[in-house]
Amino acid sequence: MNKKRDEARAFAKEIADFSKDVGGGDIVIAPPFTVLKEVNDILSGTNVGLAGQNCHYEEKGAYTGEISPLMLKDAGCTYVILGHSERRKYFFETDEIINKKVRAALSCGLKPIICVGETEEERDLGITEYVIGIQLKKALRDIGYWEEIIIAYEPVWAIGTGRNATPDQAEEAQKFIRDVLCLIYGEKGKGIRILYGGSVTPENIGDLIVMDNVDGVLVGGASLKSDSFIGIISKVAELK
């Protein structure tokens, strides 16, 4: 919940201009719903994608205040973030609701970025893999293989706290996610991208992105300033 129209336009232009010199990979930004049109106008014709921060599981209807996946598609989005820890915590989204949203996003041609991750209490109890496994299996229940699916591992205890998982912690969790995806989809599970999200910065990205099962990053606070976000993009492009 950041950036008004002028701020969003200026930010999008900086990222779009910088992206012209970056080869390979995908760069995606997810602004608030109120500025999707302005940002899409700036990103049109560039190699930067547009994502919604959330969506409802119905295409239309009497759901006052909600945004449907068709509306996101119409606004120029290619991706949508689903199941973010803040949605789970503050808006009480369940794994079952997230599953319905994933189905809706895929049916409307959006690429879902599905967030999973454990709280500090769950990590301290030693149930990280149990929690992540349940979240993944329920989010993907009865959903066949789609190349467009993206998983983002967010250790909840690292979001907005300035703490981040060590590279080994990130790799351990993401290797487990890979194993679960392969359990669900067989060999095709190896092709699904897994992102790391949790206080990613220009200073720690280099150590994280070289891990075998870290295919990219979901950037939070460091993406609000163009210089730090560009620093992260540059490092990823260099090392990946």
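The values are calculated or read from the model by the stated rules, or taken from the named source; none is laboratory data. The shown structure was predicted, so the numbers you read here are calculated from the model rather than taken from an experiment. Here the Cβ positions follow ideal geometry from the backbone for every residue, glycine too, while neighbour counts run over all protein chains shown.
Is it the case that some residue within segment 94-105 is at pLDDT 95 or above, among the β-branched types (Val, Ile, Thr) and not in a helix (DSSP H, G or I)? Looking through segment 94-105, at least one residue is at pLDDT 95 or above, among the β-branched types (Val, Ile, Thr) and not in a helix (DSSP H, G or I). Each residue in segment 108-134 was checked for being buried (at least 17 other Cβ atoms within 10 Å of the Cβ), of a type in the set (A, V, I, L, M, F, W, C) and not in a loop (DSSP other than H, G, I, E, B), and 6 pass. In this structure, TRP157 qualifies as without any contact (Cβ under 8 Å) to a residue 60 or more places away in the chain, in contact with a helix residue (DSSP H, G or I) (Cβ under 6 Å, 6 or more places away or on another chain) and in a helix (DSSP H, G or I). Going by the conditions given, is ILE143 farther than 18 Å from VAL236 by Cβ, surrounded by 22 or more Cβ atoms within 10 Å (Cβ to Cβ) and touching a residue at least 12 places away in the same chain (Cβ under 8 Å)? Answer is no for this residue.
When ASN47 is tested against (1) among the polar types (S, T, N, Q); (2) closer than 21 Å to VAL102 by Cα; (3) touching a helix residue (DSSP H, G or I) at 6+ places or on another chain (Cβ under 7 Å), exactly one condition is not met: (2). Restricting ASP26, ASP74, ASP17 to those that are acidic (Asp, Glu) and within 15 Å of the chain's Cα centre (by Cα) reduces the list to ASP26. Taking (1) in a loop (DSSP other than H, G, I, E, B); (2) touching a Gly at 6+ places or on another chain (Cβ under 7 Å); (3) basic (Lys, Arg) in turn, LYS73 satisfies each apart from (1).
Inside segment 18-33, residues that are free of Cβ contacts under 8 Å to residues at least 60 places away in the same chain and exposed (fewer than 13 other Cβ atoms within 10 Å of the Cβ) make up a count of 2. Evaluated against (1) without any contact (Cβ under 8 Å) to a residue 12 or more places away in the chain; (2) not small (Gly, Ala, Ser); (3) not in a loop (DSSP other than H, G, I, E, B), GLU171 falls short on exactly one condition, (1).
Going by what's in this entry, would LYS137 be described as closer than 16 Å to GLY197 by Cα, surrounded by fewer than 17 Cβ atoms within 10 Å (Cβ to Cβ) and at pLDDT 95 or above? So LYS137 does not fit the description; no.
Residue count for segment 215-240, restricted to those that are acidic (Asp, Glu) and at pLDDT below 95: 1. Of all residue pairs spaced 6 or more apart or on separate chains, those with beta-carbon atoms under 8 Å, a first member in segment 216-231 that is within 21 Å of ILE151 (Cβ to Cβ) and without any contact (Cβ under 8 Å) to a residue 40 or more places away in the chain and a second member that is among the hydroxyl-bearing types (Ser, Thr, Tyr) and not in a loop (DSSP other than H, G, I, E, B) are VAL217/TYR196; ALA222/SER228. Looking only at segment 43-70, filter to residues that are in a helix (DSSP H, G or I) and touching a strand residue (DSSP E or B) at 6+ places or on another chain (Cβ under 9 Å); which one of those is surrounded by the most Cβ atoms within 10 Å (Cβ to Cβ)? So, considering only residues that are in a helix (DSSP H, G or I) and touching a strand residue (DSSP E or B) at 6+ places or on another chain (Cβ under 9 Å), the one surrounded by the most Cβ atoms within 10 Å (Cβ to Cβ) is PRO69.
Among the residues of segment 1-24, those that are of a type in the set (A, V, I, L, M) and closer than 28 Å to GLU238 by Cα comprise ALA8, ALA10, ALA12, ILE15, ALA16, VAL22. If you go through segment 179-213 and keep only what is under 19 Å from the mean Cα position of the chain (by Cα), part of a loop (DSSP other than H, G, I, E, B), within 12 Å of ILE232 (Cα to Cα) and not hydroxyl-bearing (Ser, Thr, Tyr), you end up with VAL200, PRO202, ASN204.
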